[in-house]
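Taken together, the values in this text are just the output of simple stated rules run on the coordinates, not laboratory data. Since the model is a prediction, treat every value here as computed from it, not as a measurement. Here the Cβ positions follow ideal geometry from the backbone for every residue, glycine too, while neighbour counts run over all protein chains shown.
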Amino acid sequence: MSTQPLLEKLQLGDLTLKNRIVMAPMTRSRADNPGNIPTELHATYYSQRASAGLLITEGSQVSKIAVGYINTPGIYSPEQVEGWEKTTSAVHENDGVIFIQLWHVGRMSHPDFHHGELPLSASALNPNEKSYTFEGFKETVTPKEMTLEEIKQTVLDFKNAAINAMDAGFDGVEIHSSNGYLFHQFFNGTSNVRTDQYGGTIENKARILFEVIDAIKEVMPENRIGLRLNPSLNGVFGMTMDEDTIPTFDYIIKRLNDYDLAYLHLSEPFTDVSKIPFAEKEIAKRYRPIYKGTIIINSSFDQEKGNKVIEEGHADAVAYAKLFISNPDLAERFEQNAPLADWDTDTFYTPGKKGYTDYPSLQPKELV
Ligand SMILES: Cc1cc2nc3c(=O)[nH]c(=O)nc-3n(C[C@H](O)[C@H](O)[C@H](O)COP(=O)(O)O)c2cc1C
């Protein structure tokens, strides 16, 4: 019997995960075709990694306006649904479980993606970041503040994307409410200065997220819906924390207890926040006692730290990102305490197989 907590099964709603090793969502920009349709290559990539307890796909835009990067796949057209079916079938054939990450980048985009129209956000505030367009990096612009009608449409787009996700054979969805994208832009007082029911108070800033959860749960079981939060994100993806930031996440996470979600996926801070008085430095420790459901924790974990965080009871599962790029058989490698391969950052977002589906699994002779 294994002594590694990472290798124990985990009950996720009605799904039994074979281990607690989760592949974190990662944009890999291989949908380099006009319809942003996932291809056989995506199916190969994800099925190679199916020994993880749970795979979470790359962020997939829920509509045309939701996009902010080149060659990212969508989940709004029939052709994209058909494309994703190849991935879900291949993963299921390999006994894997796969959720799709539903994504709207909000202001982290550029007019080049929208025929010259402005990207949408909570408020007309430029994140002052760079956007990677077909012509290379460009400065972001001041987005357009969403009208109430556009907010309503966005909620519908997420609901529709959830329907498409089920049609494509996914086991569930992860709402991308993290990393400075649209919902995070609503949560944060430095990106949301609205004066209507979507701004001002903490309840108002969180409103759109709960409307999205409520809309999605009309079309799929609550226990197949996960969501991702990065409460202490600061200084990257256009996000600047303020004194209301952590209280906002406290409110959101407490309120998530009213739902029977598949999981809450949290990230430890991406940057050093030790000098920011109102930042939370230890996300899993703060939120474990508050959230009653399953917690997946992420960011900079290795095998040892992953086993430890579960052992100590601060999380139920651990999501690994970069390690999964270069170690398709990460679960087997952990099981065998085998060496890990390094990833090549040059091929994170480049088209084709290189750096995508050509990282080998360990050969039987290399396994003990
Ligand atoms: C190439 C790459 C693409 C990423 N794309 C996404 C994404 O689409 N959605 C998301 O929520 N996080 C994304 N992330 C963040 C990862 O999920 C993860 O939070 C981060 O890499 C830290 O985990 P790690 O230390 O295990 O790599 C991405 C990270 C990388 C390296």
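Extension gain for the segment residue 254 to residue 137, taken as residue separation times 0.36 nm less the Cα-Cα distance, is 38.2 nm to one decimal. Computed about its Cα centre, the charge dipole of the range 1-51 is approximately 140 debye, with only Lys, Arg, Asp and Glu carrying charge at their Cβ.
Classify the range 292-368 as rounded, prolate or oblate, taking a ≥ b ≥ c as the square roots of the eigenvalues of its Cα gyration tensor: rounded when a/c is under 1.5, otherwise prolate if a/b is larger than b/c and oblate if not. Cα axes put the range 292-368 in the oblate bin.
Using the Cβ-Cβ distance between residue 114 and residue 358 with R0 = 41 Å, the FRET efficiency computed as 1/(1 + (r/R0)^6) comes to roughly 0.75. Taking 0.36 nm per residue of separation and subtracting the Cα-Cα distance, full extension of the segment from residue 79 to residue 195 would add 37.8 nm.
In summary, the aspartates and glutamates within cross-link reach of residue 138, defined as a Cα separation below 16 angstrom excluding same-chain residues under 8 places away, comprise 112, 117, 129. Taking 22 Å as R0, compute the FRET efficiency from the Cβ-Cβ separation of residue 64 and residue 148 and round it to 0.05. E between residue 64 and residue 148, to the nearest 0.05, is 0.60. Ranked by the mean number of other Cβ atoms within 10 Å of their residues, highest first, the peptides 213-224, 73-84 fall in the order 73-84, 213-224.
Kindly identify the range 79-179 as rounded, prolate or oblate by the Cα gyration tensor criterion: order the square roots of the eigenvalues as a ≥ b ≥ c, call it rounded if a/c is under 1.5, otherwise compare a/b with b/c, prolate if a/b is larger, else oblate. It comes out prolate by the Cα gyration axes. When shorter helices are ignored and each DSSP H run of at least 4 residues is given -39500 (n - 2.57), the per-residue value for the chain at 222 nm works out to -8500 deg cm²/dmol. Summing Cβ point charges (Lys, Arg +1; Asp, Glu -1) relative to the Cα centre of the range 1-133 gives a dipole of roughly 380 debye.
In this simple spin-label approximation, residue 219 and residue 337 carry label points 7 Å from Cα along the Cα→Cβ vector, and these lie 4.8 nm apart. The convex hull built on the alpha-carbon positions of the chain has an orientation-averaged projected area of 17.1 nm².
Potential lengthening of the chain between residue 300 and residue 281 amounts to 5.5 nm, from the contour at 0.36 nm per residue minus the alpha-carbon distance. For the range 79-119, the square roots of the Cα gyration tensor eigenvalues, ordered a ≥ b ≥ c, give a/c of at least 1.5 with a/b greater than b/c, which places it in the prolate category. When the C-alpha to C-alpha distance is required to be over 30 Å, the pairs from 9/322; 64/130; 86/130; 18/86; 86/308; 86/217 that qualify are 86/130; 86/308.
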